Amino acid sequence: MELVYPPVILACKTLFRVLDLKLDVQGSEHIPASGGAVLACTHVSYLDFIFCGLAGLPAGRRTRFMAKREIFANRVAGPLMRGMRHISVDRDAGQASYRQAVSALRAGEVVGVFPEATISQSFTVKGIKTGAVRMAAEAGVPVIPVTVWGSQRLWTKGRPKNLTQRHVPVLIRVGEPFQPAPQDDQDALTQDLRARMTALLDQAQRDYPDTPKPGEAPWWLPAHLGGSAPTPEEAAARDVR
């Protein structure tokens with residue numbers, strides 16, 4: 001019985017209404033109403049797990065996200081994360097969390113992952129890890145690419161959070177699923193997943209209703225679209241500092 005997740009969802013939806021966030025979800029029909037699935041989401045904000053999770057609600061699915069163990073150690077967030085049955089990830093000993101995720105998938109859960117591992121400060125899709133494809137192949141479930149765009153304007157890495165900002169458009173796009181198999185080339189499928197995630201993000205950026213005025217270079221827009229966000233190379237240099 002879910003005692004924590006439903007009230008958390010209700011609280012988030014209430015906050016979104018108060019802030020009048022312009023939520024636009026497309027493609028949620030790709031998330032199955034039953035059975036396991038891996039949601040592989042782009043990562044531009046600390047809030048992406050909330051918005052990515054919204055994509056599963058039309059199908060009645062509550063997503064179990066893999067998140068770093070430091071969040072679970074937080075006095076406030078920890079009990080909520082455990083109550084929602086999210087999966088703690090110790091980056092120094094990731095095999096246990098991987099096994100837990102595979103077990104959850106085999107039990108019919110939807111598991112959310114961020115294959116880039118950390119927030120992309122360039123607001124493009126970074127290189128991604130093979131874990132999403134590997135766990136889907138092992139559990140015999142599909143991978144579903146997801147992108148969130150606009151959430152970086154509320155709270156992202158290297159910028160002050162602005163959680164009370166109103167009327168911000170947030171676009172959530174869900175792509176078509178694909179089914180990895182154990183005998184497949186997992187590196188090739190991972191590159192295919194990255195291409196799918198990139199295509200979704202590119203489309204969300206094209207669809208985004210807020211556009212800069214002439215001469216403006218918004219910090220939340222990637223450099224290749226005329227924004228002042230760091231280039232992928234500059235962002236990679238920041239990540240290793």
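The values are calculated or read from the model by the stated rules, or taken from the named source; none is laboratory data. Everything numeric in this text was worked out from a predicted model, so none of it was measured. Reconstructed Cβ throughout: ideal geometry from the backbone, glycine too, with neighbour counts over all protein chains shown. Side chains included, ligands, DNA and RNA excluded: accessible areas come from the protein's heavy atoms. Shrake-Rupley method; radii C 1.70, N 1.55, O 1.52, S 1.80 Å.
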Pick from segment 170-220, criterion of a type in the set (S, T, N, Q) and part of a loop (DSSP other than H, G, I, E, B), ranking: farthest from Leu47 (Cα to Cα): Gln183
Candidate set: segment 3-47, residues that are touching a Phe, Trp or Tyr at 6+ places or on another chain (Cβ under 7 Å) and open to solvent by less than 50 Å² (accessible area, probe 1.4 Å); chosen: the one farthest from Pro169 (Cα to Cα): Cys41
In segment 61-70, the residues that are modelled with pLDDT of 95 or more and more than 18 Å from Val38 (Cβ to Cβ): none
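So, in segment 106-134, how many residues would count as being outside any loop (DSSP other than H, G, I, E, B), open to solvent by less than 40 Å² (accessible area, probe 1.4 Å) and not β-branched (Val, Ile, Thr)?
So the answer is 3.
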Residue pairs meeting the criteria (Cβ under 7 Å; at least 6 apart or on separate chains; first of a type outside the set (A, V, I, L, M, F, W, C), in segment 44-60; second assigned to a helix (DSSP H, G or I)): Ser45/Ser151; Ser45/Gln152; Asp48/Ser151; Pro58/Ser28
Where a residue in segment 216-234 is farther than 12 Å from Ser120 by Cβ and open to solvent by 70 Å² or more (accessible area, probe 1.4 Å) and its partner, wherever it lies, is part of a helix (DSSP H, G or I) and of a type outside the set (Val, Ile, Thr), with Cβ under 7 Å and at least six apart: Leu225/Gln205
